[in-house]
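What follows draws every value from the coordinates through simple rules; no lab data is involved. Every value quoted in this text rests on a predicted model; they were computed, and no experiment measured them. Here Cβ is always computed from backbone atoms with ideal geometry, including for glycine, and neighbour counts include all displayed protein chains.
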2 protein chains.
Amino acid sequence: MPFKVLVYSRFPKAMMVRIGERFELMHAAGKPPAEVFTAEELSGVQAMITAGGTPLPAAAMDMLPSLRAIICYGTGYDGVDLKAAASRGIAVGHSPAANAAAVADMAMTLMLAVTRRLLPADDYVRSGSWSSAKPSPLMRPQPGNPGRRVGVYGLGAIGRKIAARAAAFDMDVAYYSRSRHDVPWRYVPSLEALVEWCSVLMIAVRAGADTHHAIDGDMLRKLGPDGYLVNISRGSVIDQQALIAALADKTIAGAGLDVYEKEPHAPDALTAFPNVVLTPHIGGHTLESHVAMQDCVMANLDAFFAGKPLPHVVM
Amino acid sequence: MPFKVLVYSRFPKAMMVRIGERFELMHAAGKPPAEVFTAEELSGVQAMITAGGTPLPAAAMDMLPSLRAIICYGTGYDGVDLKAAASRGIAVGHSPAANAAAVADMAMTLMLAVTRRLLPADDYVRSGSWSSAKPSPLMRPQPGNPGRRVGVYGLGAIGRKIAARAAAFDMDVAYYSRSRHDVPWRYVPSLEALVEWCSVLMIAVRAGADTHHAIDGDMLRKLGPDGYLVNISRGSVIDQQALIAALADKTIAGAGLDVYEKEPHAPDALTAFPNVVLTPHIGGHTLESHVAMQDCVMANLDAFFAGKPLPHVVM
């Protein structure tokens, strides 16, 4: 008989097909599990799959007295109360680096699109304005990317892949993270100094209490009127209201965002700007990334039910 | 007294300011020079500036009996009848590589935007469809770029910069050009074989009679239903009608185009596709590129009027 696994977040079914072949999945479909399953059903749950960004507080763990493994689908685990899990002897696993290339690709896509004004350019062609030689500020040359300075905030698997890609674009690359790494890019010892130095700030840091609103109005002023902000990490790292204000008064030049403070809601004030490029948190959303993330989830579950340590463990 | 230089194409004035400080510019503003200047005025013209794509046939040269230097602003010179120039003892110069980084950046921008479905993604967020959880094929995972194969057709300065950028994206890179080069990318000895092999075809070849419609219906069938086409070179390299047919019947997956057969006209049939990204020939249109191109134009003109060989010469 296959082991039972609670699916805590709402995942598209296609993402769970492979996992469902090996485990008996109990789909809560994003609802509180107690609404979907009886207390008896929940009392036997030893392992669960969740999306790292979904809030998973102590109270939710208390509904699952046998729970011993929280397996995050994806690299993030910011929704999980790690202290509560630790105090209950619950292991937390995730899928590190599985989607790093896809997310780094999206960071570069957003950077290039916003700096080269891709959306207005496409609209200029599609609308017929180019054919009719309608004057457009688009046709005035703008600064290109070679010579720009890319600052990478956070040097995990995604940050490294962003740095490697940006370096191939004849751009200077530097990074700030808690510690210096043995990498070919310049280390800047503070976030302030990185933001002062760079003209494109790439947010690749892990979300958490220590990075909440790390990018605020002050930081955006340091980024400056020629500066661009790209976020493929989590919306919580940026003070979104401060970002909207900075875009409105041209404190910064533009932004490319795949993540937002309250997903799936991108505020109207943000969607009205022409100098932003907005994607619906699809950075890591490629077929290869999902297969790699599923591989991590299944390896974690297999190990857990075999009584072994999680191979892809947060703590 | 400054030397007189005929400006044959229509250029925005801002692009000619630096050159105008050193030479006396005679602006034909895109009209036949005989409509703007008297035969006597034209008889003294020894040098002209043109855009490489502007047709400059033998008949136009015959209106300028003293002409000895045709200086193309930009890397291309496909509009210039080189045989006619040679037979009249007219040197032809251009601005090689001056805009290569900017054009290669645009090639990557187009590739990333079309493969990661950036335009529908931005629209999904802006329209509020994401907030209202409206189902969308966009939210189904698609293949990402790592693992894709980039085929670069033409390995001049732009092709090399495209190859270097693509290699940083965990993508396999190969190229076809008339001859093999000492570069770290795989050489494929025919265009057919390159197109069969690759999943993203980057057109970076010089325009000319030998490359006219090199990408036709047969080639697009070889590129196949998972294949993407990116063109930042010249529209003439692709049979645009065949491309439209291939997009309509899903012979290929999508296209990113900065250039078209008849600029500034992108046909309605092309602008109606959701799986294309279209830019108005702005690949090389950055401030740095223009400064570098102007440097080449001025160095060529200085040398010409000093009786020296052109430093940036086509022939």
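The table for this structure:
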item	result
For A:GLY79, residues with placed amide H under 5 Å, excluding near neighbours	A:GLY53, A:THR54
Dipole magnitude of the protein assembly as shown about its Cα centre (Cβ charges: Lys, Arg +1; Asp, Glu -1), debye to nearest 20	600 debye
Residue-by-residue Karplus 3J(HN,Hα) for segment B:48-58, coefficients 6.51, -1.76, 1.60, Hz, glycine and proline x	9, 10, 9, 8, x, x, 6, x, 9, x, 4
DSSP-defined antiparallel bridges as percent of all bridges, segment B:100-278, nearest 5	5 percent
Likely footprinting exposure, B:HIS27, B:HIS212, B:HIS94, fewest C-beta neighbours within 10 Å first	B:HIS212, B:HIS27, B:HIS94
Estimated inter-spin distance, A:SER132 and B:ALA34, nm [label 7 Å along Cα→Cβ]	3.4 nm
Shielding score for B:161-170, defined as the mean number of other chain Cβ atoms within 10 Å	4
Helical mean residue ellipticity (222 nm; -39500 (n - 2.57) per DSSP H run of 4+; nearest 500) of the protein assembly as shown	-9500 deg cm²/dmol
3J(HN,Hα) from dihedral phi, segment A:242-255, Karplus parametrisation 6.51/-1.76/1.60, rounded to Hz, x for glycine, proline	5, 5, 4, 5, 5, 6, 5, 9, 6, 4, 10, 7, x, 8
Rounded to the nearest 20 debye, dipole of segment A:69-135 from Cβ charges on Lys, Arg, Asp, Glu	140 debye
³J(HN,Hα) computed for each position of segment B:272-286 - Karplus, 6.51 cos²θ - 1.76 cosθ + 1.60, integer Hz, glycine/proline x	7, 6, x, 9, 10, 10, 10, 10, x, 6, 10, x, x, 8, 10
Farthest toward positive dipole pole in the protein assembly as shown [+1 Lys/Arg, -1 Asp/Glu at C-beta], among A:ALA255, B:MET171, A:ALA107	B:MET171
Under 16 Å from B:LYS250, Cα to Cα: lysines that are on another chain or at least 8 residues apart	B:LYS222
Across the identical copies, how the A:LYS262 labels are spaced - nm, sorted shortest first, 7 Å along Cα→Cβ	5.2
Debye intensity ratio in log₁₀ form over the Cα atoms of the protein assembly as shown, taken at each q of 0.09, 0.12 Å⁻¹	-0.78, -1.23
Alpha carbon convex hull of segment A:228-315, projected area averaged over orientations, nm²	7.3 nm²
Amide hydrogen neighbours beyond the local backbone of B:GLN142, cut-off 5 Å, H modeled	A:LEU287
Sorted by Cβ neighbour density within 10 Å, fewest at the top, the residues A:TRP130, A:TRP197, B:TRP185	A:TRP197, B:TRP185, A:TRP130
In degrees, nearest ten, helix B:157-167 long axis to first principal axis of chain B (Cα)	20 degrees
Across the identical copies, how the A:LYS308 labels are spaced - nm, sorted shortest first, 7 Å along Cα→Cβ	7.1
Partners for B:LYS134 among lysines (Cα-Cα distance below 18 Å; same-chain residues under 8 apart left out)	A:LYS13, A:LYS262
Label point 7 Å beyond Cα along the C-beta direction, distances from B:PRO65 to other copies (nm, shortest first)	10.8
Fraction of beta bridges assigned by DSSP in segment A:196-315 that are antiparallel (%, nearest 5)	10 percent
Percent antiparallel among DSSP beta bridges (both partners in the protein assembly as shown, rounded to 5)	5 percent
Amide hydrogen neighbours beyond the local backbone of B:ARG186, cut-off 5 Å, H modeled	B:VAL173, B:TYR175
Dipole moment magnitude, nearest 20 debye, segment A:103-206 about Cα centre, only Lys, Arg, Asp, Glu C-beta charged	80 debye
